[in-house]
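Here's the structure we're looking at; comments come further down.
All of the numbers you see were taken from the coordinates with simple rules; none came from a lab. Since the structure is predicted, the reported quantities are computational estimates derived from the model, not experimental observations. All Cβ positions, glycine included, derive from the backbone under ideal geometry; neighbour counts span all protein chains shown.
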Amino acid sequence: MIAQVTYYSDAYKVKGYLALPPGCPPIPLDALQSYIAEYHGAPVESLPVELVASAARPEAAPPGALPSYPALVYCRGGVGGFGRVRPHWVDAFAARGFVCFAPCYRGNEGGEGRDEFGGADREDVHAAIRLLRALPFVDASRVTLLGFSRGSINAALTAAAMPDDIRGLVLWGGVADLARTYEERVDLRRTLKRILGGTPAKRPEAYRERSPLHLADRLRCPALVVHGTVDVQVDAGHGLSMVERLRALDKPVDLHLYEGLGHILPYPVFDAAVDRLLEWAD
């Protein structure tokens, strides 16, 4: 089951996708909505939950108390409607035994507020993790963060800010240095200048504070970098420089490099990559 849920981040109502693993007893949408509303202390009707997809999988768990599962928070890439949450990714992570939650970030898919490309919208990921940890079917001690592309910014910032709540950090095709992205991606310059208030030369701190490379010393959990060697959206140099930086700091880090492949891995390589990284996460 994949549902789009509404939850609070700061004073904003924002959206996210939630998927449950096979074996989890069926949870009616109204019950899920009640869990979320109770957590926030809000009226149930104020936080709608909508079914996106339902998979016919065997429900192996016996009736009674809900079992708890590890959770994976998938931080999407892009900005606005570009790079939005990929529901089949959410389903792929859940199918392998994880409760998967994917924040849409504020200002997207009907959510309130404005996406700041790793600015105040980082709270949307913090809030999602606090909510997940409160749900009765989530093992609060086993939460992994995965940031894809730009999502690596939100994921790394969250791992640095919530070290006691995160078990592992995966940076998949992830931006490591946003100033470098500005130089490499001419097509993104206008968007970055609009959101961050100028160029890296004019607003260096805005770019630096959104760069995982520059907060690596604050990361305490193990990290995994996944990257294609011919990625033209986010050059593989981002991932390799992140690995180099973490190793220089004597931080635990692994690297899954995919030779000759780009930003989006083709099937069946994608499935194998998900198996491999979730085995690392588990």
Over the stretch 123-205, relative contact order from alpha-carbon pairs under 8 Å, at least 6 apart, %: 23 percent
Report, in degrees rounded to the nearest 10, the 0 to 90 angle that the Cα long axis of helix 122-134 makes with the longest principal axis of the chain. 30 degrees
Pick out which of 42, 176, 71 has the largest mean-square fluctuation in a Gaussian network model of the chain, springs linking Cα atoms closer than 10 Å. 42
Relative contact order [Cα under 8 Å, 6+ residues apart], the stretch 170-273, whole percent: 31 percent
The stretch 1-123: Rg to Rh, with Rh as the Kirkwood radius over Cα pairs: 0.97
Could you go through the stretch 107-114 in sequence order and give the Karplus-derived ³J(HN,Hα) for each residue, using 6.51 cos²θ - 1.76 cosθ + 1.60 with θ = phi - 60°, rounded to whole Hz, and x for Gly and Pro? x, 10, 6, x, x, 7, x, 9
Given contacts defined as C-alpha pairs under 8 Å and at least six residues apart, what's the relative contact order of the chain, whole-number percent? 16 percent
For the chain, calculated [θ]222 nm from helices alone, where every DSSP H run of n ≥ 4 adds -39500 (n - 2.57): -9500 deg cm²/dmol
For the chain, longest principal axis from Cα atoms; helix 29-40 axis from its Cα atoms; angle between them, nearest 10 degrees, is 60 degrees
Across 173, 197, 237, the residue with the highest GNM fluctuation in the chain (Cα network, 10 Å cutoff) is 197
Rounded to 5, the percent of DSSP beta bridges in the chain classed as antiparallel: 40 percent
Between residue 52 and residues 5 or more places away or on another chain, which pairs have amide H atoms under 5 Å apart, with H built 1.01 Å from N, and which residues are they? 2, 3, 4
Gap in Å between the Cα centre of the stretch 104-181 and the Cα centre of the stretch 242-259? 20 Å
Everything considered on the Cα gyration tensor (a ≥ b ≥ c; rounded for a/c under 1.5, else prolate if a/b is larger than b/c, else oblate), the stretch 164-221 must be described as prolate
Shape verdict for the stretch 163-282, please, from the Cα gyration tensor: rounded (a/c under 1.5), prolate (a/b greater than b/c) or oblate. oblate
Any idea what the dipole of the chain comes to, in debye rounded to 20, about its Cα centre with Lys/Arg Cβ at +1 and Asp/Glu Cβ at -1? 700 debye
Cα axis of helix 236-248 to longest principal axis of the chain: angle in degrees, 0 to 90, nearest 10? 90 degrees
Build a GNM of the chain with springs between Cα atoms under 10 Å: which of 124, 235, 254 gets the top mean-square fluctuation? 254
Can you give the local net charge around residue 212? Use residues other than it whose beta-carbon is closer than 13 angstrom to its beta-carbon, Lys and Arg +1, Asp and Glu -1. +4
Once a ≥ b ≥ c are taken as the square roots of the eigenvalues of the Cα gyration tensor of the stretch 213-282, is the result rounded (a/c under 1.5), prolate (a/b larger than b/c) or oblate (a/b not larger than b/c)? oblate
